[in-house]
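Throughout, read-outs are computed from the coordinates displayed, never taken from laboratory work. Owing to the predicted nature of the structure, the values given are computational and were not obtained by experimental measurement. Glycine gets a Cβ as well: all are built from the backbone with ideal geometry, and neighbour counts include every protein chain shown.
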Amino acid sequence: MKKKKTVLIIAAALAAVTVLSSFGCVYVRPRDDGPTKVTGSETVSGNGGTEGETAGETVFGIGETAEYRGVRVTLVSVTESYGKEYMEPAEGRVFLICEFNIENGSDKEINVSTVLSFDAYIDDYSTSIDLLACTASGKDTLDGTAAPGKKLGGAVGYEAPEDWQTIEIRFKADVWSDTEFIFKANKSDIG
């Protein structure tokens, strides 16, 4: 009787371990390093920008293309503008017009919103989109949908002090994702 009771306790313990271990087995997503630099027709891992990596994120510069899950984003140019006619920045300030090209090589439609998809920092200070800057530039804003295999081009604009040094723009292809395409440009790069 004692031997039978011991066997039952061991069997119950093994069953409990089996059940508990099955709860502990969850799918672990493979490590995802985020966007990578595209050179020619190839995609390469690693740092693409001149600023280096920030907290494990790759930073890209003007003219560089970053790809993540089939979505390719290029910061085409950054230009300064003093606007035109009645669309001018405040005194001592300048408009920064950041032109992007987005190619959707994924199998899902992507929605891009100038307000929701972009965050920017000028000299490490958070800044907001300036729709007047976009209007004064004469370029289309980056608002719209890109179906699989399609492209979207346009610009986002910001107002900055005339003596600004660095702009960092963060783009999310999916507002529900934490993955960002990070681009940086220095005033000296656009001279």
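General remarks:
- Per the Debye calculation on the range 36-190 with a single equal scatterer at every Cα and no solvent contribution, log₁₀ I(q)/I(0) for q = 0.12 Å⁻¹ amounts to -0.48.
- 3J(HN,Hα) couplings calculated from phi for the range 152-169 with the Karplus curve 6.51 cos²θ - 1.76 cosθ + 1.60 (θ = phi - 60°) are, in sequence order, 9, x, x, 9, 10, x, 9, 9, 9, x, 4, 9, 4, 10, 9, 10, 10, 10 Hz; Gly and Pro show x.
- Dipole-positive endmost among Ile110, Ser81, Asn186 within the range 36-190 (Cβ charges, Cα centre): Ile110
- Computed about the Cα centre, the dipole magnitude for the range 36-190 is approximately 520 debye when only Lys and Arg (+1) and Asp and Glu (-1) carry charge, each at its Cβ.
- Table column - 3J(HN,Hα) (Hz), the range 90-96, Karplus curve with 6.51, -1.76, 1.60, x for Gly and Pro: 5, 4, x, 10, 9, 7, 10
- Overall, the range 102-191 carries a charge dipole of about 340 debye about its Cα centre when +1 sits on the Cβ of Lys and Arg and -1 on the Cβ of Asp and Glu, all other atoms neutral.
- Amide H contacts for Asp130 (H built 1.01 Å from N in the peptide plane; partners 5 or more residues away or on another chain; cut-off under 5 Å): Gly157, Tyr158, Glu159.
- Taking amide H atoms as placed 1.01 Å from N in the peptide plane, the amide H of Val76 lies under 5 Å from those of Gly63, Glu99, Phe100, Asn101, each 5 or more residues away in sequence or on another chain.
- Relative contact order of the range 36-190: 23 percent, from C-alpha pairs under 8 Å at least 6 residues apart in sequence.
- In this structure the amide hydrogen of Ala173, modeled in the peptide plane, comes within under 5 Å of the amide hydrogens of Phe181, none closer than 5 places in sequence on its chain.
- Distance-filtered residues of the range 84-126 - backbone nitrogen under 13 Å, label point 7 angstrom along Leu132 Cα→Cβ: 84-96
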